[in-house]
Amino acid sequence: MTWDEKLKTRWKVDSAYKVVLILIVFACTGTTVVLIKGPIFEFFYGVEEIPVWVSILYYILILPVYNLFLLFYGLLFGQFQFFWSFEKRFISRLMGIFRS
């Protein structure tokens, strides 16, 4: 079984084209999150060294922003329904962790 067939099975999609679109959405979302980090830090800290706690706080706070970007890019690439169900599963798993 090839990698794209494994992803088609895991994600329950019917074509390799959709797998590629989903991977592009993940790539665009990750790239966007990385690209916005620099300007945000530069706005608040300029050229100063950024404290470690600020970086940790950024990674905690970026999670909901990442999920919004995921939905936005999913909509742009025609995969909103996949990412909407992906988000619902993610949130239900996250709530399960906090309930334990």
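Some values worked out for this structure:
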read-out	value
Unmet requirement for Thr32, which otherwise passes all of (1) exposed (fewer than 15 other Cβ atoms within 10 Å of the Cβ); (2) among the β-branched types (Val, Ile, Thr); (3) part of a helix (DSSP H, G or I)	(1)
Output for segment 1-15, where each listed residue is in contact with a Lys or Arg (Cβ under 8 Å, 6 or more places away or on another chain) and open to solvent by less than 40 Å² (accessible area, probe 1.4 Å)	Ser15
Output for segment 28-55, where each listed residue is small (Gly, Ala, Ser) and touching a helix residue (DSSP H, G or I) at 6+ places or on another chain (Cβ under 9 Å)	Gly30, Ser55
Segment 68-84: number of residues that are surrounded by 12 or more Cβ atoms within 10 Å (Cβ to Cβ) and either of a type in the set (S, T, N, Q) or not in a helix (DSSP H, G or I) (or both)	2
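The values are calculated or read from the model by the stated rules, or taken from the named source; none is laboratory data. None of these values were measured; they are calculated from a predicted model. Here the Cβ is made from the backbone with ideal geometry for all residues, glycine too, and neighbour counts use every protein chain on show. Note: accessible area is taken over every heavy atom of the protein model, side chains too, but ligands, DNA and RNA are not part of it. Shrake-Rupley method; radii C 1.70, N 1.55, O 1.52, S 1.80 Å.
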